[in-house]
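Asker: Please see the structure below; I have some questions.
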Amino acid sequence: MNTYAVIETGGKQYRVEKGTSLLVDRLSAKEGEKVVLRAVMFRDKEVVLGAKDLEKVKVEATVAEHLRGEKIKVFKYKPKKGYRRRAGHRSELTKLEVTEVKLLSRKPAAAKEEKPAAAKPAAKKPAVAKKPAAAKKAPAKKPAAKAKKPAAKKPAAKAKKPAAKAKKAAAKKPAAKKDD
């Protein structure tokens, strides 16, 4: 039975064995660099699926080259509407060659990042004694929002009386003559 693993990269899963080459979405690694891929499943004599057991699985690949995929053409069309749209794209891809697929006897140590010597301060400052965590003060409470008074009502515009208008209009018209 062949030893293989299912790895995940770029939101897709691939079945890989030692010596397999595969095309994946573009990775930031340079050509010739080694890349560690995240295993989702491993199969040797038994199937390994648990998260803690998968930390022991080592899938390593080298970046063979960066290339672009085949051109894909997209054409949208709606009949009798004069709607036509052309678009397309070429995917940015990375070709990987799998060099190692194996189950380690224990979880690998976390990688340590080395700091450059120039970044270290020249003179050490004296350490300031820190207060214990229990002595921290609780954040000050904000005062309760003051109760707002209702807004004063603006005096309403004086309503014009229709009777006053009628009196003015009647005064302007000449009185009708009565024939006796």
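Asker: For the structure I just gave you, tell me whether residue 115 is more than 29 Å from the chain's Cα centre (by Cα), modelled with pLDDT of 90 or more and open to solvent by 90 Å² or more (accessible area, probe 1.4 Å).
Answerer: Values: more than 29 Å from the chain's Cα centre (by Cα): yes; modelled with pLDDT of 90 or more: no; open to solvent by 90 Å² or more (accessible area, probe 1.4 Å): yes.
The answer is no for residue 115.
Asker: Residues being buried (at least 16 other Cβ atoms within 10 Å of the Cβ) and closer than 17 Å to residue 102 by Cβ: count how many of those fall in the stretch 21-39.
Answerer: Total meeting the criteria: 3.
Asker: Now a separate question. Scan the stretch 56-77 residue by residue and report those that are free of Cβ contacts under 8 Å to residues at least 40 places away in the same chain and over 13 Å from residue 22 (Cα atoms).
Answerer: 68, 70, 71, 72, 73, 74, 75, 76, 77 - these are the residues of the stretch 56-77 that are free of Cβ contacts under 8 Å to residues at least 40 places away in the same chain and over 13 Å from residue 22 (Cα atoms).
Asker: Given 106, 86, which one is in a strand (DSSP E or B) and among the charged types (D, E, K, R)?
Answerer: Testing whether each residue is in a strand (DSSP E or B) and among the charged types (D, E, K, R) leaves just 86.
Asker: Within the stretch 1-20, which residues are open to solvent by 60 Å² or more (accessible area, probe 1.4 Å) and among the hydrophobic types (A, V, I, L, M, F, W, C)?
Answerer: 1
Asker: The conditions are (1) modelled with pLDDT under 95; (2) surrounded by 10 or more Cβ atoms within 10 Å (Cβ to Cβ); (3) not small (Gly, Ala, Ser), and residue 52 fails exactly one of them. Which is it?
Answerer: All conditions pass for residue 52, except number (2).
Asker: Also: How many of the residues making up the stretch 40-63 are assigned to a strand (DSSP E or B) and over 14 Å from residue 100 (Cβ atoms)? Walk me through it before giving the result.
Answerer: Step one: list which residues in the stretch 40-63 are assigned to a strand (DSSP E or B), which gives 40-43, 47-48, 57-63.
Imposing the further condition that a residue be over 14 Å from residue 100 (Cβ atoms) reduces the set to 40-41, 43, 47-48, 63.
Of the residues in that region, 6 qualify.
The values are calculated or read from the model by the stated rules, or taken from the named source; none is laboratory data. Note that the coordinates shown come from a computational prediction; the quantities given were computed from them, not determined experimentally. Methodologically, a virtual Cβ is constructed for each residue, glycine included, from the backbone with ideal geometry; neighbour enumeration extends over all protein chains shown. Accessible surface is based on the protein model in full, side chains and every heavy atom, while ligands, DNA and RNA are left aside. Shrake-Rupley method; radii C 1.70, N 1.55, O 1.52, S 1.80 Å.
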